[in-house]
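A short worksheet on the structure shown next.
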Amino acid sequence: MNIRVSSRGMDEMLQALFLFWIPVAMVPLGLWYSMSTSLQTSTSQGRFLAFSGVVLICLSPWTIPSSPSSAAGHLLGAIIGPCMLILLGIYLISFSGNVPVGKLPRSDRKLGVLMTGVGFVWLVGMHWWILTPQLSPNEINPYWFVFWPTFLLLTSCLASFSAVTLLMIGEQRKAESNAMFLVSGLSCSLLLLGLNIDGPLITANEFREHLWLAGADMVGIAVGTMLSILVFALVIYSYERSLPPPKSISPPTESELKQVSSVIASHLGGEEE
Amino acid sequence: MKETNLAFTWRMMLLAFLLPPLLILAIDITCFGSFKGSDSSVSFTRFSNATLTAYTLCSLFLMGNLFFYGESRNRPLAPLVGMLLATALGVLATVFFIGQGPMLLEDNGSVRAQAIYNVVHMFVSTGAIFVAISVVLGVTFSAITSQKPRSNFELEEE
């Protein structure tokens, strides 16, 4: 019986390895491969590898339903639609404006606004309507509680940062700054609504708990990332310091200087028109 | 820009970044009378796990970047070994601290389950961070491009 149990456990681990972790690794590997090569076929292969990885991750709730990690694949499948709508919409709005290159038709602006609006309402509907990502009836995907507060909190902080940057560094950017303050205020309002109004599946107290956890998470990520960059800089610095100084060469001789002067003189001036 | 003005600008920008969470905290405390909903030990556990995981994964990413650094330096082994040790230190610290007991264990039963949960949690958080950065950069850019084009050659035109 023990052998059967351990063999089943091993199978689950292998399944998780092949159907979740290898696809996860395929995404950065494919992107790296597509960006590091100049050949068109290799670029396409890299993109295909990354795309296949994303598809396999999204399929993980069906391919490996027993693995807790597949909840992340479930979340990716749930949010990829609204996030792509928002990002594509912003792209259409941006490039249908006054850009010197790659300008899109003016009509794309309305389509962009519509796409961004629908994507945003879709995400909001995941909190306050029936669209909440659920692993099974009434069981909310735990990673939704990570994604949504982190996204709202950081959007609010970054938009506020961007608004003040436009005001202080940019010249005559008041209108743009106001737009960014509006985005920050909107995200802040959604956070405050989440802290006070229950959704059909998510209570305000649950959201409050996860909001401060998201804050702790972001501070932790910032500290960990800065530490690793510091260690990386130290490693490079100590290696460069250990290298012997480069060999110095003797100064140019008189004849070499004369030759250089003659070459420069022959390239200076020009014929009168 | 003068140095004092530059320092003032940076302070203002930092304050602007921190303003929304401080505002929400202030409103929450004002409305409820106290700072509720956050258990400091749970927050500390999340902070510690996030720090250890971010350090380890970012070290791994930077170790990959040594490939490009090595191209200009005749492929030295010393920095690679250094970053490998730094990454291994992160993995060992994670395993050691999670293994100490309930301090860093969230709702997971074993060190391996917690470590895997940390990595998946980091992917989700990083995804949210990337989406937020993309949205803010995109909205800033679209706000700039939606204005009328400016002429930079007013003096020449006159």
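Quick notes on this structure:
- Averaged over A:137-143, number of beta-carbon atoms from partner chains that fall within 10 Å: 2
- The range B:60-133 and the range A:116-134 have Cα centres spaced 33 Å apart.
- For B:LEU15, B:LEU104, order by how many other beta-carbon atoms lie within 10 Å, fewest first: B:LEU15, B:LEU104
- Fewest neighbouring Cβ atoms within 10 Å first, the residues A:GLU206, A:GLU139 line up as A:GLU139, A:GLU206.
- Radius, Kirkwood style, for the protein assembly as shown when every pair of distinct Cα atoms is counted (Å): 25.4
- Per-residue Cβ neighbour counts within 10 Å put A:TYR237, B:TYR117 in the sequence A:TYR237, B:TYR117, beginning with the fewest.
- Rounded to the nearest 10 degrees, the inclination of helix A:204-242 to the longest alpha-carbon principal axis of chain A is 30 degrees.
- For chain B, the longest principal axis of the Cα atoms and the long axis of helix B:78-99 meet at an angle of about 60 degrees.
- Directionally averaged projected area (convex hull, Cα atoms, the range A:117-273), nm²: 21.3
- Average Cα contact separation per residue, the range A:15-67, under 8 Å, 6 or more apart, as relative contact order %: 47
- Using the Stokes-Einstein relation with a Kirkwood hydrodynamic radius computed over Cα pairs, the translational diffusion coefficient of the range B:49-147 at 20 °C and a viscosity of 1.002 mPa s comes to 134 µm²/s.
None of the figures in this text is laboratory data; all of them are computed from the coordinates on show. This is a predicted model, so every value here is computed, not measured. For neighbour counting, all protein chains shown are included, and Cβ atoms are generated from backbone atoms with ideal geometry for every residue, glycine included.
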